[in-house]
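Since the structure comes first, as structure tokens, the remarks are kept for the end.
The values are calculated or read from the model by the stated rules, or taken from the named source; none is laboratory data. Note that the structure is predicted; figures quoted are calculated from it, not measured. All Cβ positions, even for glycine, are placed from backbone atoms using ideal geometry, and neighbour counts span all protein chains on display.
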Amino acid sequence: MIWLMGNKGMLGTELTLLLKKNKLPFVGTDREVDITDYNALKKFCENKSINWIINCVAYTAVNEAEENIELCRRINTFGAGNIAILAKYINARLIHISTDYVFDGKKVAGQETLHPYREDDETNPISVYGLSKRDGEITVLENNPASYIIRTSWLYGKYGNNFIRTMLKLMNERDVIKVINDKRGSPTWTYDLAFVIIDLIRQTDEGSAIPYGIYHYSNEGNISWFDLAMEIYIKGRGFGLLTKNCDVIPCNSDDFPYNIKRPAYSILDKTKIKSTLKINIPLWDESFQKYLINNEVVL
């Protein structure tokens, strides 16, 4: 049985639907089981035969994390460690979701130019959120080496708040919006990530020896936040999601008075996960098109 933690979040809800579709036995929990309370986790496992845990629980309010440091770290670091300890105790494999925010968005030492971040590149988080997630990774692997950590970036989907939904809402409300043009990354559809997580479980259960450790997954290709906003506007008009004109203006991060440090470059190298799982990863714009065609947008 699979224990899906954080089953009501954006990725967790997507995973719930796919697990049901694939008829995989699972149990889902959200806030009713506190991951910062090890005894609560242990009690939930009583009389259950759990052989996989997927941890989608995270404190993801990046701005608020700067002021809620203790809560952010309790969930993203301490809570992740509890889950890893529990997984080892019940002999379950763990899939833990992490983020591109573990990197600083700058050149890697010894490299003359930027390149997509590999799993073994040095981390250097520049925000409270990024630090809590990086420390969470360390805590997970220290407490349970039989873990898979999947770093992803710029997640969006039908369930939960995300950049695409926010942009469409603002474009329907305002005549002009400013979007930063100095940060670049890869938008990732939750459906694609959820599909890969389930594929990892399936291949392992069928006997494939998938090495434990850190993997990167995002959709292929990359774009700036401003250019993505322009794509959202163009596609939004085309799909009838926008009912008025709106000027989208590029700006720098410094133009926003309350600017939390985010990596300016957070493109992830997916060579490892593609070769290990023998998968092809869709381009971000192809997945974005499917997201819209399938009426995934909920405003």
**Q.** Boolean, Tyr129 is surrounded by 20 or more Cβ atoms within 10 Å (Cβ to Cβ) and in contact with a Leu (Cβ under 6 Å, 6 or more places away or on another chain)
**A.** no
(Q) Looking at Ile234 and the list (1) in contact (Cβ under 8 Å) with a residue 12 or more places away in the chain; (2) of a type outside the set (Phe, Trp, Tyr); (3) under 27 Å from Pro263 (Cα atoms), which single condition is not satisfied? (A) (1)
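The rows are residues; the columns are (1) of a type in the set (Phe, Trp, Tyr); (2) under 17 Å from Trp154 (Cα atoms); (3) in contact with a helix residue (DSSP H, G or I) (Cβ under 9 Å, 6 or more places away or on another chain).
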{"position": "Lys183", "(1), (2), (3)": "no, yes, yes"}
{"position": "Tyr212", "(1), (2), (3)": "yes, no, yes"}
{"position": "Cys246", "(1), (2), (3)": "no, no, yes"}
{"position": "Asp255", "(1), (2), (3)": "no, no, no"}
{"position": "Leu268", "(1), (2), (3)": "no, yes, yes"}
{"position": "Pro282", "(1), (2), (3)": "no, yes, yes"}
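Can Trp284 be described as at pLDDT 95 or above, in contact with an Asp or Glu (Cβ under 7 Å, 6 or more places away or on another chain) and surrounded by 21 or more Cβ atoms within 10 Å (Cβ to Cβ)?
yes
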Q | Hits in the stretch 221-263 (condition: among the aliphatic types (A, V, I, L, M) and assigned to a helix (DSSP H, G or I)) | A | Leu228, Ala229, Met230, Ile232, Ile234
**Q.** Subset of the stretch 31-61 [modelled with pLDDT of 95 or more, touching a strand residue (DSSP E or B) at 6+ places or on another chain (Cβ under 8 Å) and assigned to a loop (DSSP other than H, G, I, E, B)]
**A.** Val33, Ile35, Ile50, Asn51, Cys56, Val57, Ala58
Q) Here are some residues: Asp227, Asp192, Asp269. Which one is modelled with pLDDT of 95 or more and buried (at least 19 other Cβ atoms within 10 Å of the Cβ)? A) Asp192
Q. Restricted to the stretch 9-37, and to residues that are closer than 21 Å to Asp199 by Cα and among the charged types (D, E, K, R), which residue is surrounded by the most Cβ atoms within 10 Å (Cβ to Cβ)?
A. Glu14
Q. With (1) more than 30 Å from Ile85 (Cβ to Cβ); (2) in contact with a strand residue (DSSP E or B) (Cβ under 7 Å, 6 or more places away or on another chain) as the list, and Met167 as the residue in question, which single condition is left unmet?
A. (2)
Q. With (1) at pLDDT 95 or above; (2) in a helix (DSSP H, G or I); (3) touching a helix residue (DSSP H, G or I) at 6+ places or on another chain (Cβ under 9 Å) as the list, and Glu64 as the residue in question, which single condition is left unmet?
A. (1)
Q) If you take the residues in the stretch 38-75 that are farther than 16 Å from Val140 by Cα and polar (S, T, N, Q), which one is surrounded by the most Cβ atoms within 10 Å (Cβ to Cβ)? A) Thr60
Q) So which residues in the stretch 108-139 are under 24 Å from Ile281 (Cβ atoms), touching a strand residue (DSSP E or B) at 6+ places or on another chain (Cβ under 9 Å) and either among the acidic types (Asp, Glu) or not in a loop (DSSP other than H, G, I, E, B) (or both)? A) Tyr117, Glu119, Asp120, Gly130, Lys133, Arg134, Glu137
Q) Could you list, in sequence order, the residues of the stretch 138-155 that are farther than 14 Å from Tyr101 by Cβ and either of a type outside the set (A, V, I, L, M, F, W, C) or surrounded by 23 or more Cβ atoms within 10 Å (Cβ to Cβ) (or both)? A) Thr139, Val140, Glu142, Asn143, Asn144, Pro145, Ser147, Tyr148
